[in-house]
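**Student:** Quick one: the structure is below, and I'll ask about it shortly.
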Amino acid sequence: MTKKELTISYIEYNSVAELDAEDRILVGKAIEAMDGSYAPYSNFNVGAAVRLESGTIVTGANQENAAYPSGLCAERSAMFSAGSQHKGDAIRSIAVVGGAQGCISDTPASPCGACRQVMAQYQRIAGKDMSVILVGAKVIYKFARVDDILPLIFDNL
Ligand code: THU
């Protein structure tokens, strides 16, 4: 038996101004995308923006439904949209921002497990790291790759 440890590293920023120019733009697009959120049940609005290898940015927002599981998170809305409309153009980065009643929460909204798994698959398709930027009003986290928010990725098929 061997005891193992996993270490996750990420960068913490105190404001959007500290991000590099590309990330600042991406975060701005994710914030704008919150407007497209349809969340009458949770009243929790989330926006996401993905940057593709070509530089194209695609956005998404959470879409809820009276039949609850039929809704979709902002992250998957953005990624599936990018995958559908820009096949072959790898997703290199994703920014996520959310909060109750359209007001960005102080600490970042953290992607659900299903969205992390979808990120992992697009990262695998790309064959290159996808960075993940989680945005709060008071703090921003940047992870260099999806593995850092989803250790031991299911990657067996
Ligand atoms: N949601 C997202 O869109 N992304 C996240 O990272 C967390 C949660 C959505 C799903 C649902 O519409 C609402 O937020 C409350 O869970």
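The values are calculated or read from the model by the stated rules, or taken from the named source; none is laboratory data. Just so it is clear, the model here is predicted, and its values are computed rather than measured. Note that we place each Cβ from the backbone using ideal geometry, even for glycine, and neighbour counts take in every protein chain shown. All accessible areas refer to the heavy atoms of the entire protein, side chains included, with ligands and DNA or RNA removed. Shrake-Rupley method; radii C 1.70, N 1.55, O 1.52, S 1.80 Å.
**Student:** Report the accessible area of ILE8, computed with a 1.4 Å probe over the heavy atoms of all protein chains in place, in Å² rounded to the nearest 10.
**Tutor:** Here the accessible area works out near 80 Å².
**Student:** Using a cut-off of 15 Å between alpha-carbon atoms, which aspartates and glutamates can reach LYS128, once sequence neighbours fewer than 8 places away in the same chain are excluded?
**Tutor:** Candidates past the 8-residue exclusion: GLU53, ASP89, ASP147, ASP148, ASP155.
**Student:** Quickly work out the SER84-to-GLU22 label distance, labels modelled 7 Å from Cα along the C-beta direction, and quote it in nm with one decimal.
**Tutor:** It works out to 2.7 nm between the two label points.
**Student:** Where does the charge balance sit around VAL46 when Lys and Arg score +1, Asp and Glu -1, over other residues with C-beta under 13 Å from its C-beta?
**Tutor:** Details: positive: ARG76; negative: GLU32, ASP35, GLU64, GLU75.
It works out to a net charge of -3.
**Student:** Same structure again: Provide THR2, THR59 ordered by accessible surface of protein heavy atoms (probe 1.4 Å), highest first. Walk me through the intermediate numbers first.
**Tutor:** On the way: THR2 105, THR59 65 Å².
Greatest to least solvent exposure: THR2, THR59.
**Student:** Roll a 1.4 angstrom probe over the protein heavy atoms and tell me the percent of accessible area of the chain that is carbon or sulfur. Write down the numbers at each step before the final one.
**Tutor:** Numbers: 4480 of 8590 Å².
Exposed carbon and sulfur together represent 52 percent of the surface.
**Student:** Keeping every protein chain in place, order LEU19, LEU150 by accessible area at 1.4 Å, biggest value first, i.e. largest first.
**Tutor:** Details: LEU19 5, LEU150 35 Å².
Highest to lowest solvent-accessible surface, that is LEU150, LEU19.
**Student:** Could you tell me which of rounded, prolate or oblate describes the stretch 28-106, using a ≥ b ≥ c as the square roots of the eigenvalues of the alpha-carbon gyration tensor, with rounded for a/c under 1.5 and, failing that, prolate when a/b is larger than b/c and oblate otherwise?
**Tutor:** Working: a/c = 3.08, a/b = 1.54, b/c = 2.00.
Here the stretch 28-106 falls in the oblate category.
**Student:** Picking from ALA67, ALA78, SER105, whose Cα lies most toward the positive end of the charge dipole for the chain (charges on Cβ: Lys, Arg +1; Asp, Glu -1)?
**Tutor:** Of the candidates, ALA67 comes out farthest on the positive side.
**Student:** Which value, in Å², gives the accessible area per residue of the chain when a 1.4 Å probe is used on the protein heavy atoms? Provide the component values of the computation, followed by the final result.
**Tutor:** On the way: 8590 Å² over 157 residues.
I get 55 Å² per residue for the chain.
**Student:** Then there's this: With contacts defined as alpha carbon pairs under 8 Å and 6 or more residues apart, what's the relative contact order of the chain in percent? Intermediate values should be presented prior to the final figure.
**Tutor:** Details: 340 pairs, mean separation 36.5, N = 157.
Computed value for the chain: 23 percent relative contact order.
**Student:** Sticking with this structure for a sec: Put a dot 7 Å past each Cα toward the Cβ at LYS3 and LEU157; how far apart are the dots in nm?
**Tutor:** For the pair LEU157/LYS3, the computed spacing is 3.6 nm.
**Student:** Further, regarding this structure: Mind putting a number on the dipole of the chain about its Cα centre? Charges go on the C-beta only, +1 for Lys and Arg and -1 for Asp and Glu, and I need it in Debye to the nearest 20. Kindly include the intermediate steps, with their values, before the conclusion.
**Tutor:** Numbers: 14 positive and 17 negative charges, 68 e Å.
Here the chain has a charge dipole of around 320 debye.
**Student:** Please work out the Kirkwood hydrodynamic radius for the stretch 10-148, using every pair of different C-alpha atoms, and report it in angstroms with one decimal place.
**Tutor:** On the way: mean 1/r = 0.0687 Å⁻¹.
About 14.6 Å, per the Kirkwood formula over Cα pairs.
**Student:** Of the residues ASP129, ASP20, ASP35, which exhibits the maximal mean-square fluctuation in a Gaussian network model of the chain defined by a 10 Å Cα contact cut-off?
**Tutor:** Sorting by GNM fluctuation, first place goes to ASP20.
**Student:** Here is a follow-up. Can you give the local net charge around SER93? Use residues other than it whose beta-carbon is closer than 14 angstrom to its beta-carbon, Lys and Arg +1, Asp and Glu -1. Mind dumping the intermediate values first?
**Tutor:** Numbers: positive: ARG24, LYS29, ARG51, ARG92, LYS128, LYS142, ARG145; negative: ASP20, GLU22, ASP23, GLU53, GLU75, ASP89, ASP129, ASP148.
Result for the neighbourhood of SER93: -1.
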